[in-house]
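Enquirer: Can you read through this structure? Questions will come right after.
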Ligand code: EPU
């Protein structure tokens, strides 16, 4: 009998993860599950524990490099409509973890609520953005968060106030939980002004970043206020390639998958970049992307 027979939601076996990663790289997941709601999620956690199966959470798959060997795990995505709802209360928006940031920005703009504009163009979900404290323009999502609703791996739901969450540059103390939703504290503003700011941020991204081929955004963290892209560029690495993995000629912290890059191609190119930057500039780069190996 299938262990998942009582689980409500979408359940797939041997799912190719390539199609869930913006890099378009990755082998199969033993299970790929989207629980219908929090009850189904709770049951899934209990079953995973009972059958001793590791769980990995995926959001929009935009900041991740997945091994071509795939993962022997349950990949969990909060992609059902239940986890994509948004509620407004005065100047606050509560958004489900699976909602794309772009949708959240649209809802905020339509309500004339400002504060999230700087996130425009980040291709992530609310949950993913919080887990890694996504940001741009020297601002991080943590700055606009009021509280976060999470479930621990025992199925217990709790609400964490911002002060109880350790947010740092591209990291948060939320990794030990499953993020269910988050409440953002925003300010009333003219819709047109919000729309104009969003446009401005999107245009800067279009002009400076490279989405001509599948990619995972910035590969390395910016070390100590420096731009990793600028450092990689200084080392003359634009255009460097390993197999189909290619350092963008537009933004050196972007690696493009120009066809059929393997996870190994990307890892090799990352090692080469790291070594060159270390040798030439004596700076150690740390990956910003998550690596599932
Ligand atoms: N630069 C170069 N060469 C390059 C790339 C950049 O000289 O190849 C220079 C630029 O000319 C600029 C400076 O480096 O003077 C900074 O570049 P940019 O404005 O593109 O910002 P960044 O520091 O490279 C950071 C974030 C981005 C975010 C942008 C915009 C990190 C690792 N990167 O990039 O986030 O979109 O600021 O705010 O924190 C991501 O998280 O995936 C990401 C792309």
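The values are calculated or read from the model by the stated rules, or taken from the named source; none is laboratory data. On a predicted model such as this, the values are computed, not experimentally measured, just so you know. When we count neighbours, we look across all protein chains shown, and the Cβ atoms used for this are built from the backbone with ideal geometry, even at glycine.
Enquirer: Run down 204, 169 and say which single residue is under 15 Å from residue 135 (Cβ atoms) and without any contact (Cβ under 8 Å) to a residue 12 or more places away in the chain.
Expert: 204
Enquirer: Could I ask something else about it? Quick one: what pairs do we get from the stretch 209-228, first residue under 19 Å from residue 129 (Cβ atoms), second within 6 Å of the ligand (Cβ to nearest atom) and assigned to a loop (DSSP other than H, G, I, E, B), C-beta under 7 Å, 6+ apart or different chains?
Expert: 209/251; 218/253; 218/288; 219/253; 219/288; 220/253; 220/288; 221/288
Enquirer: Among the residues of the stretch 83-91, is there at least one that is in contact (Cβ under 8 Å) with a residue 24 or more places away in the chain, buried (at least 23 other Cβ atoms within 10 Å of the Cβ) and assigned to a loop (DSSP other than H, G, I, E, B)?
Expert: no
Enquirer: Look through the stretch 251-273, keep the residues that are out of contact with any strand residue (DSSP E or B) (no Cβ under 8 Å at 6 or more places or on another chain) and part of a helix (DSSP H, G or I), and return whichever of them is nearest to residue 212 (Cα to Cα).
Expert: Residue satisfying both the conditions and the ranking: 264.
Enquirer: Considering only residues that are part of a loop (DSSP other than H, G, I, E, B) and over 22 Å from residue 152 (Cβ atoms), which ones fall in the stretch 36-82?
Expert: 60, 61, 62, 63, 67, 68, 69, 70
Enquirer: Can you tell me how many residues within the stretch 117-130 are under 13 Å from residue 86 (Cβ atoms) and surrounded by fewer than 23 Cβ atoms within 10 Å (Cβ to Cβ)?
Expert: Within the stretch 117-130, residues that are under 13 Å from residue 86 (Cβ atoms) and surrounded by fewer than 23 Cβ atoms within 10 Å (Cβ to Cβ) number 0.
Enquirer: Separate question: If residue 246 passes every condition in (1) part of a strand (DSSP E or B); (2) under 11 Å from residue 23 (Cβ atoms) but one, which one does it miss?
Expert: Result: residue 246 passes all but (2).
Enquirer: Taking the conditions exactly as written (over 11 Å from residue 25 (Cβ atoms), assigned by TED's automatic domain parsing to the domain that holds residue 238 and touching a residue at least 24 places away in the same chain (Cβ under 8 Å)), does residue 285 satisfy them or not?
Expert: Against the criterion (over 11 Å from residue 25 (Cβ atoms), assigned by TED's automatic domain parsing to the domain that holds residue 238 and touching a residue at least 24 places away in the same chain (Cβ under 8 Å)), residue 285 qualifies.
Enquirer: Which one of 148, 126 is in contact (Cβ under 8 Å) with a residue 12 or more places away in the chain, away from the ligand (no atom under 16 Å from the Cβ) and touching a helix residue (DSSP H, G or I) at 6+ places or on another chain (Cβ under 8 Å)?
Expert: 148
Enquirer: Any idea how many residues of the stretch 92-126 are assigned to a loop (DSSP other than H, G, I, E, B) and closer than 23 Å to residue 178 by Cβ?
Expert: Final tally of qualifying residues: 7.
Enquirer: Can I ask one more? Working only within the stretch 182-241, note down all residues that are under 18 Å from the mean Cα position of the chain (by Cα), within 9 Å of the ligand (Cβ to nearest atom) and closer than 21 Å to residue 143 by Cβ.
Expert: Selection gives 205, 217, 218, 221, 222.
Enquirer: Is it the case that residue 224 is modelled with pLDDT under 95, farther than 24 Å from residue 58 by Cβ and surrounded by fewer than 16 Cβ atoms within 10 Å (Cβ to Cβ)?
Expert: Criteria met by residue 224.
Enquirer: Where in the stretch 142-196 are there strands (runs of 3 or more DSSP E), lying fully within it, with 2 or more residues that are in the same structural domain as residue 98 (by TED's automatic domain parsing) and exposed (fewer than 15 other Cβ atoms within 10 Å of the Cβ)?
Expert: So the answer is 157-161.
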